[in-house]
Amino acid sequence: MGFAIRVYKFREGDIVPVDASVVREVLEPYAPYDVPDGESVEWVRAADGSEADVYLDHGVTFDRPGPGVLYPIAEVARRTRAAVLLLGDPAAAIVTCEEDRAHLPEDLRGTAVVAPSSVLTGATIQQVIRPLPEPRPRPALPPFPYHPDPVATGSVIAAAETCVCCGHDQGWICTGPVYGADVPDGRVCPYCVAFGTAAERYGAFFNEVEARRIPDDAARRIRERTPNFATWQDWDWPAHCGDGGVFLGAVGAEELRSHPQALDHLRRQCAEWGWGTERTEGFVGALDKDGGPTGYLFRCRVCDTPFAHADFT
């Protein structure tokens, strides 16, 4: 990191010595050498390979500490009830309670951060050193009646990426492929999917729908205005009660146990493939939402019945 972090204890604005035995007890496990009896630890190495030179006087100075070294620094501060000092521009201090803030030198009190011992870790120090940026505000997603939560299913992700259709960074991008002869290379935003812009501009489509199984307007919405999702094979969007199903997400055997109707529907699908009971139960039991074979859970828009489709390589 190219700077030093100090752990010092203050009372009424003055430095008071930290307990050297506690400092050694904390740091000795991190010393990559045998520390002689009666001497302080002069060098530490954390599990991530980062290191720091250590100097003990009235307090402890860690010179050029790497990220992993921040964790023993935090432990020294917790165990000695000392302040973590970041003497840059501006200077900052971390203390474990309001009472200790009052004992800091006056120029540090106003900017000091209070982190109770229960939450003071290396990550806390890192956040003070280099605060994480505020999350980027993102617009609400358009509604997708046949795929209501595409973020949960991984079909839409937060991204700083320009849409190949509208040319804007909308804060969201669709992860699945875009089909069509005139579609440019790249990914599209969910707004160009939902509003039909990609379909109108490039003849793009995202899902296959079997003709005549559902009304034309529903088929068009699924085909041209609904984000697709990852599958092992290409197959038509399932239908139920004369309408397209609502996609809820990939599922494995464990998730399907709470949807017995969907499980029965899947067994019937296996029977249509000509499978016997033993093969069917082995297949259903092997379903894995993160691997293969995979189940896909849907809900009927008409009768609300859950049903499933399965896919494998």
Completion exercise
Only one of 11, 64, 79 is under 37 Å from the mean Cα position of the chain (by Cα) and under 21 Å from residue 104 (Cα atoms), namely 79
Handout entry: Test: residue in the range 110-119 that is open to solvent by less than 30 Å² (accessible area, probe 1.4 Å) and not in a helix (DSSP H, G or I)
Key = yes
Practice task
Only one of these is under 13 Å from residue 306 (Cβ atoms) and surrounded by 13 or more Cβ atoms within 10 Å (Cβ to Cβ): 252, 245. Name it.
Solution key: 245
Problem - Single match in 19, 34, 107 (criterion: open to solvent by 30 Å² or more (accessible area, probe 1.4 Å), without any contact (Cβ under 8 Å) to a residue 12 or more places away in the chain, over 20 Å from residue 130 (Cα atoms) and of a type in the set (Asp, Glu)) - result: 34
Practice task
Name every residue in the range 260-305 that is buried (at least 17 other Cβ atoms within 10 Å of the Cβ) and among the small types (Gly, Ala, Ser), in order of residue number.
Solution key: 262, 295
Problem - Boolean, residue 223 is in contact (Cβ under 8 Å) with a residue 12 or more places away in the chain and closer than 30 Å to residue 142 by Cβ - result: yes
Exercise for the section: Could you grab me the full set of residues in the range 103-112 that are closer than 17 Å to residue 80 by Cα and of a type in the set (A, V, I, L, M)? Expected result: 104
Exercise for the section: Kindly establish whether residue 59 is under 14 Å from residue 128 (Cβ atoms) and modelled with pLDDT under 95. Expected result: no
Practice task
Only residues that are small (Gly, Ala, Ser) and farther than 17 Å from residue 86 by Cα: list them for the range 42-62, please.
Solution key: 46, 47, 49, 50
Practice task
Can you work out which of the residues in the range 37-46 that are over 38 Å from the mean Cα position of the chain (by Cα) and of a type outside the set (S, T, N, Q) is most open to solvent (accessible area, probe 1.4 Å)?
Solution key: 37
Handout entry: Restricting the range 47-61 to residues that are of a type in the set (A, V, I, L, M) and over 25 Å from the mean Cα position of the chain (by Cα), the residue that is most open to solvent (accessible area, probe 1.4 Å)
Key = 56
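Are any residues in the range 172-193 β-branched (Val, Ile, Thr) and touching a helix residue (DSSP H, G or I) at 6+ places or on another chain (Cβ under 9 Å), and if so, which ones?
173, 178, 183, 188, 193
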Handout entry: Only one of 30, 55 that is among the aromatic types (Phe, Trp, Tyr), over 21 Å from residue 123 (Cα atoms) and in contact with a strand residue (DSSP E or B) (Cβ under 8 Å, 6 or more places away or on another chain)
Key = 55
Exercise for the section: Could you grab me the full set of residues in the range 165-208 that are in a strand (DSSP E or B) and without any contact (Cβ under 8 Å) to a residue 24 or more places away in the chain? Expected result: 169, 173
Practice task
Return yes or no: is residue 227 under 20 Å from residue 303 (Cβ atoms) and not aromatic (Phe, Trp, Tyr)?
Solution key: no
Completion exercise
Of the candidates 87, 141, the one satisfying the condition of being touching a Phe, Trp or Tyr at 6+ places or on another chain (Cβ under 9 Å) and open to solvent by 90 Å² or more (accessible area, probe 1.4 Å) is 87
Practice task
Any chance you could count how many residues in the range 226-247 are small (Gly, Ala, Ser), in contact (Cβ under 8 Å) with a residue 40 or more places away in the chain and in a strand (DSSP E or B)?
Solution key: 1
Handout entry: Test: residue in the range 216-229 that is surrounded by fewer than 20 Cβ atoms within 10 Å (Cβ to Cβ) and of a type in the set (Ser, Thr, Tyr)
Key = no
Exercise for the section: With the condition kept exactly as written, say whether any residue in the range 94-101 is without any contact (Cβ under 8 Å) to a residue 60 or more places away in the chain, open to solvent by 60 Å² or more (accessible area, probe 1.4 Å), among the β-branched types (Val, Ile, Thr) and part of a loop (DSSP other than H, G, I, E, B). Expected result: no
Practice task
May I ask you to list the residues in the range 144-159 that are among the β-branched types (Val, Ile, Thr) and surrounded by 17 or more Cβ atoms within 10 Å (Cβ to Cβ)?
Solution key: 153, 156
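The values are calculated or read from the model by the stated rules, or taken from the named source; none is laboratory data. Since the structure is predicted, the reported quantities are computational estimates derived from the model, not experimental observations. Neighbour counts run over all protein chains shown; Cβ positions are idealised from the backbone, glycine included. Remember, those area values only see protein heavy atoms, side chains included, never the ligands or the DNA or RNA. Shrake-Rupley method; radii C 1.70, N 1.55, O 1.52, S 1.80 Å.
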